[in-house]
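Below you'll find the structure, written out as C-alpha cells, and then a few comments.
The values are calculated or read from the model by the stated rules, or taken from the named source; none is laboratory data. Model, not experiment: these values are computed from the prediction. Because the Cβ atoms are built from the backbone with ideal geometry, glycine has one as well, and the counts that use them run over all protein chains shown. For accessibility, only protein heavy atoms count, side chains too; no ligands or nucleic acids. Shrake-Rupley method; radii C 1.70, N 1.55, O 1.52, S 1.80 Å.
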Amino acid sequence: MINMTKVITAITAQKRNTQRLNISLDGEYAFSLDRLTAAWLKVGRKLSPEEIVSLQEKDEQEVAFNRALRYLSYRARSEAEMRKYLSDKGFSDHVSQTVIDRLKDERLINDPRFAQDWIDNRVSFRPRSQTQLRFELRNKGLSEDLIEDALQEADLDDIELACAAGKKLVGRYARLDWLDFRQKLGAALARRGFSYETVRSVTRQLWDECQTQTPAREQ
C-alpha cells in the first residue's frame with residue numbers, strides 16, 4: 001500500500017508577513033499557514049492527506065476572518081455587506097458562512113443593533129426622512145421586518161427630523177430672500193427624502209425663525 005503521508009521538513013516565517021509560516025513537506029515548499037493554525041505543527045511531524053486538507057481549510061477560514069475584522073475596523077457592517085465582501089474577495093460560500101457565524105457568536109455582526117445604530121447616527125449627525133432611512137437600510141441588506149422594528153423603536157417624526165436637518169443647513173441660506181431660501185433649503189430637504197408637505201411646512205417655519213434674528217427681507 002502506498003504511503004501518502006508527508007513529513008514536515010521546514011517551518012519558516014514569511015519575510016513580508018511574519019504572521020504567516022511557510023510549510024515544507026518532504027523537502028519542498030507545500031503551502032503557507034497562519035501562525036494560529038500552524039501552532040501545533042513541528043518539523044518531523046507526519047501529515048496525512050486529510051490533515052493537510054483540514055489545515056488548508058482552517059487557514060482559509062482564519063485568513064477570511066482576519067479580512068472580515070479589517071473590514072469591520074472602518075465601521076459596523078450588516079450581515080449582507082459582510083457576505084458580499086467575503087464573496088468579492090474570492091472566499092467560498094462555506095468559508096463565508098463559517099466566518100459570519102463566528103462573527104455573530106462574538107457579537108461583531110448583529111443586524112438589529114446595526115439598524116438601530118445606523119438610525120441613531122443619521123438622526124444625530126445627518127437627519128433624513130424615514131423613507132430615506134428605509135431605503136438606506138434596504139441597501140445594506142436588512143429585511144423589511146427588521147427595518148420596521150428599528151424605526152418603530154426609534155419613534156421618529158418626519159417634521160422633527162426635517163427641522164433638525166434644516167437647522168444644520170439654514171446658516172447657508174439665512175441671508176437669501178424668501179424665494180431663494182425656500183428653493184435652496186427645500187431642495188436640500190427633498191434630497192433627504194422629505195415629502196413636499198413636510199418641506200413646505202419646515203422651510204416656512206425656519207424662515208420665520210430666521211426673520212427674528214436678521215433684518216426682514218422681501219417675501
Requested in this report: Could you pull out the residue among 47, 103, 86 that is among the hydrophobic types (A, V, I, L, M, F, W, C), out of contact with any Asp or Glu (no Cβ under 7 Å at 6 or more places or on another chain), closer than 30 Å to residue 147 by Cβ and in contact (Cβ under 8 Å) with a residue 24 or more places away in the chain?
Outcome: 103
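Going through the range 154-191 one residue at a time, which ones are open to solvent by 50 Å² or more (accessible area, probe 1.4 Å), assigned to a helix (DSSP H, G or I) and within 28 Å of residue 116 (Cα to Cα)?
Looking only at the range 154-191, we keep the residues that are open to solvent by 50 Å² or more (accessible area, probe 1.4 Å), and these are 155, 157, 159-160, 167-168, 171-172, 175, 177, 179-180, 182-184, 190-191.
Those still in the list that are assigned to a helix (DSSP H, G or I) too: 159-160, 167-168, 171-172, 179-180, 182-184, 190-191.
Matches in the range 154-191: 159, 160, 167, 168, 190, 191.
Are there any helices (runs of 4 or more DSSP H) wholly within the range 62-144 with 3 or more residues that are within 30 Å of residue 19 (Cα to Cα), and if so which?
Details: elements: 79-88, 93-105, 111-125, 130-139.
Answer list for the range 62-144: 79-88, 93-105.
Check 33, 55 and return the single one that is part of a strand (DSSP E or B) and open to solvent by less than 40 Å² (accessible area, probe 1.4 Å).
Working: 55 fails: part of a strand (DSSP E or B).
Being part of a strand (DSSP E or B) and open to solvent by less than 40 Å² (accessible area, probe 1.4 Å) holds for just one of 33, 55, which is 33.
Take residue 108 and decide whether it is touching a Leu at 6+ places or on another chain (Cβ under 7 Å) and not small (Gly, Ala, Ser).
Details: touching a Leu at 6+ places or on another chain (Cβ under 7 Å): yes; not small (Gly, Ala, Ser): yes.
The answer is yes for residue 108.
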Query raised in the report: Quick one: is residue 70 surrounded by 13 or more Cβ atoms within 10 Å (Cβ to Cβ), farther than 30 Å from residue 163 by Cβ, among the basic types (Lys, Arg) and at pLDDT 95 or above?
Result: no
Requested in this report: Report, ordered by the first and then the second residue, all pairs with beta carbons closer than 9 Å, sequence separation of six or more or different chains, a first member in the range 106-126 that is under 22 Å from residue 85 (Cα atoms) and open to solvent by less than 80 Å² (accessible area, probe 1.4 Å), and a second member that is assigned to a loop (DSSP other than H, G, I, E, B) and basic (Lys, Arg).
Outcome: 108/77; 109/77; 111/140; 114/77; 114/140; 115/140; 118/140
Query raised in the report: Somewhere in the range 77-95, is a residue hydrophobic (A, V, I, L, M, F, W, C) and open to solvent by 50 Å² or more (accessible area, probe 1.4 Å)?
Result: no
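Please work out if residue 129 is surrounded by 13 or more Cβ atoms within 10 Å (Cβ to Cβ) and either without any contact (Cβ under 8 Å) to a residue 60 or more places away in the chain or more than 20 Å from residue 201 (Cβ to Cβ) (or both).
Values: surrounded by 13 or more Cβ atoms within 10 Å (Cβ to Cβ): yes; either without any contact (Cβ under 8 Å) to a residue 60 or more places away in the chain or more than 20 Å from residue 201 (Cβ to Cβ) (or both): no.
No.
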**Report entry** First in the range 174-186 and within 10 Å of residue 206 (Cβ to Cβ), second anywhere and surrounded by fewer than 15 Cβ atoms within 10 Å (Cβ to Cβ) and of a type outside the set (A, V, I, L, M, F, W, C), Cβ under 7 Å, 6 or more apart
**Finding:** 174/214
